[in-house]
Every structure is written in structure tokens, then in C-alpha cells.
Amino acid sequence: MAFAKLTAKKATALTPQVVTIIVDDSGSMEGQKAQDATKGVQDVVITIQAGNQGSSGSRFLVSVAKFGSSTIPMVEAVRPETISMNQLSFSADSGSTEMADALDWAARAVQKGIDDCRRLTGFVEEGAPTPLVLFFSDGANTGRDVTSAAQVLKGIRFAGSGIDVVAVGIGMDQDAFPVMQQIASKPELAINIDPAQLAAFLADVGATVMKGENIKTMVDNY
């Protein structure tokens, strides 16, 4: 796939990027989707780990959680090299689909990552890539309304602007998809992909993040 350059901003040890991934682990993800989510998220982290080698500091701070009836953090605002692949496994046994709780966790994780960046000696916020949140789900929200939680997440400020929230439906029914449009930071960052595309989509995320390229352009290709 072709990617268009968005900005000269690229993650470095002095301008790290905060990357947060939240994956639906409810019963509807059982089978191939859970397997593809596991492989895809692991591949994203492996790609980031490889790109971080040789750096005196960390180019990324990574958070990953799975959610169902509750949200289970896997890693939270950590350096990628500290993550074990055994920590990143999805098994579709987490119950229902409580999206608002997952968004609450995401807001806390993103803010923690930003605060950690701001404590770095020499950190220049205006030179760092925008924090990125990736939210994946394949079914309708079964919990409380997401409006308030989504607003808090999207309201986080960074470098005088906001953050990027990409909301990805995984073969989601069209009548359930509007909730993803509420979650995304921009309408064009809400996307509904075929379940068979999940692993490839996550692979493209890893490549896009590492190259400092336009996440919107990547989304437009699906």
C-alpha cells in the first residue's frame, strides 16, 4: 500500500510517541479474530522494538489493554523493549462489550504516557508525533453510553492540539458502527474492516508508525 507523508515529525529518544492499543476480547471475538488480534498486536510491538534498537532512550511508550465486561491492562506506558510477547494474548473470554470502561482506561494510559514524556530532559512537545490510540471492536456496545468517555479521551491536549483516535470495527454490523464514529477523533478515522484484514491492518499500523507516516492515509486504503 502507498503512504503519503504527513509531517516531518518522527519518534526519537527526545520526541517519543505515545501509542495505545485497545482490543475487544469479548466472546464474539472467538476463533480466528482473537488469533489475528494476538498476532497483529504482537507484530506491531515487535516492529516498534526493532525500530527502537540502538537508541539511547525510547522512541515509543506503549500501552495495550483488552476489554470485555471489564478492561484488563496488559502493559501501560512502558518502553517497548520491556514487553514480552507472552503478555499480549487475546482469547475472547472476557465477557460482554463494555466500551466506555475501555475508553476510560485509554484516557488514563495516554495521559500517563504524555506525562512521562514531559518529564524527559530535553523533551520538546511540539517536535513529537501526535499520540495515537487504536480502538478495535467487532460488536455492539453492551455497556453505558460512550459519549462522555470518548469526549474525555479525545479532549486530551498535546502540543496545543488533540490526539489521534482511530476506531476500527472488525466486521461490525452497520447499525452498531455509529458508536465507532463517536469514538474516533475525526469521522474519517472510523473504519469498518473485514475480519480477514485484521492482521494485515495491524501490520500496516506498525509500518506507518515506524516511518512517521500519515495514519489517515493508511486508513483510507481500507
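The values are calculated or read from the model by the stated rules, or taken from the named source; none is laboratory data. Just so it is clear, the structure is predicted and the values come from calculations on it, not from any experiment. For neighbour counting, all protein chains shown are included, and Cβ atoms are generated from backbone atoms with ideal geometry for every residue, glycine included.
Would segment 169-177 turn up any residue that is surrounded by 20 or more Cβ atoms within 10 Å (Cβ to Cβ) and among the aromatic types (Phe, Trp, Tyr)?
Looking through segment 169-177, none of the residues is surrounded by 20 or more Cβ atoms within 10 Å (Cβ to Cβ) and among the aromatic types (Phe, Trp, Tyr).
Do we have any residue at all in segment 106-127 that's touching a Cys at 6+ places or on another chain (Cβ under 6 Å) and not basic (Lys, Arg)?
Looking through segment 106-127, at least one residue is touching a Cys at 6+ places or on another chain (Cβ under 6 Å) and not basic (Lys, Arg).
For residues that are among the polar types (S, T, N, Q) and surrounded by fewer than 17 Cβ atoms within 10 Å (Cβ to Cβ), tally how many sit in segment 198-218.
Qualifying residue count for the region: 2.
Does ASP36 count as assigned to a helix (DSSP H, G or I) and either within 20 Å of ASP164 (Cα to Cα) or modelled with pLDDT under 95 (or both)?
For ASP36, the condition - assigned to a helix (DSSP H, G or I) and either within 20 Å of ASP164 (Cα to Cα) or modelled with pLDDT under 95 (or both) - is not met.
If a residue must be of a type in the set (D, E, K, R) and either within 19 Å of ALA102 (Cβ to Cβ) or surrounded by fewer than 17 Cβ atoms within 10 Å (Cβ to Cβ) (or both), how many such residues does segment 46-92 contain?
Here the count works out to 3.
Checking ASP115 against (1) farther than 26 Å from SER69 by Cα; (2) free of Cβ contacts under 8 Å to residues at least 40 places away in the same chain; (3) assigned to a loop (DSSP other than H, G, I, E, B), only one condition comes out false. Which one?
Of (1) farther than 26 Å from SER69 by Cα; (2) free of Cβ contacts under 8 Å to residues at least 40 places away in the same chain; (3) assigned to a loop (DSSP other than H, G, I, E, B), only one is false for ASP115: (3).
Being of a type outside the set (D, E, K, R), within 20 Å of ASN52 (Cβ to Cβ) and under 15 Å from the mean Cα position of the chain (by Cα) is the filter here, so list the residues in segment 79-128 that pass it.
PRO80, LEU88, ALA109, VAL110, GLY113, ILE114
For segment 67-112, enumerate the residues that are touching a Pro at 6+ places or on another chain (Cβ under 7 Å) and more than 17 Å from MET180 (Cα to Cα).
The answer is VAL110, and nothing else.
I need the full set of residues from segment 59-88 which are hydroxyl-bearing (Ser, Thr, Tyr), closer than 25 Å to LYS211 by Cα and not in a helix (DSSP H, G or I), in order please.
Residues satisfying the conditions are SER63, SER84.
Conditions first: (1) within 24 Å of PHE177 (Cβ to Cβ); (2) surrounded by fewer than 16 Cβ atoms within 10 Å (Cβ to Cβ). ASP36 passes all but one, so which condition is the exception?
Failed condition: (2).
With respect to ALA203, is the statement that it is out of contact with any Cys (no Cβ under 6 Å at 6 or more places or on another chain), assigned to a helix (DSSP H, G or I) and among the aliphatic types (A, V, I, L, M) true?
Here the answer is yes, as ALA203 does meet what is asked.
Assuming SER91 fulfils every condition listed in (1) closer than 17 Å to VAL18 by Cα; (2) in a loop (DSSP other than H, G, I, E, B); (3) among the polar types (S, T, N, Q) apart from one, which condition is it?
The number of the failed condition is (1).
Polar (S, T, N, Q), touching a helix residue (DSSP H, G or I) at 6+ places or on another chain (Cβ under 7 Å) and within 30 Å of ASP175 (Cα to Cα): which single residue out of SER96, SER91, SER148 fits that description?
Every option except SER91 fails the conditions.
Scan segment 137-194 residue by residue and report those that are in a helix (DSSP H, G or I), under 14 Å from the mean Cα position of the chain (by Cα) and among the β-branched types (Val, Ile, Thr).
Scanning segment 137-194 gives a single hit, ILE183.
From LEU120, LEU189, which residue is closer than 23 Å to ASP25 by Cα and either in contact with a strand residue (DSSP E or B) (Cβ under 6 Å, 6 or more places away or on another chain) or surrounded by fewer than 21 Cβ atoms within 10 Å (Cβ to Cβ) (or both)?
LEU189
Hey, ALA34 hits all of (1) out of contact with any Ser or Thr (no Cβ under 7 Å at 6 or more places or on another chain); (2) hydrophobic (A, V, I, L, M, F, W, C); (3) more than 18 Å from TRP105 (Cβ to Cβ) but one; which does it fall short on?
Condition (1) is where ALA34 drops out.
Working only within segment 1-29, note down all residues that are modelled with pLDDT of 95 or more and charged (D, E, K, R).
Hits for segment 1-29 are ASP24, ASP25.
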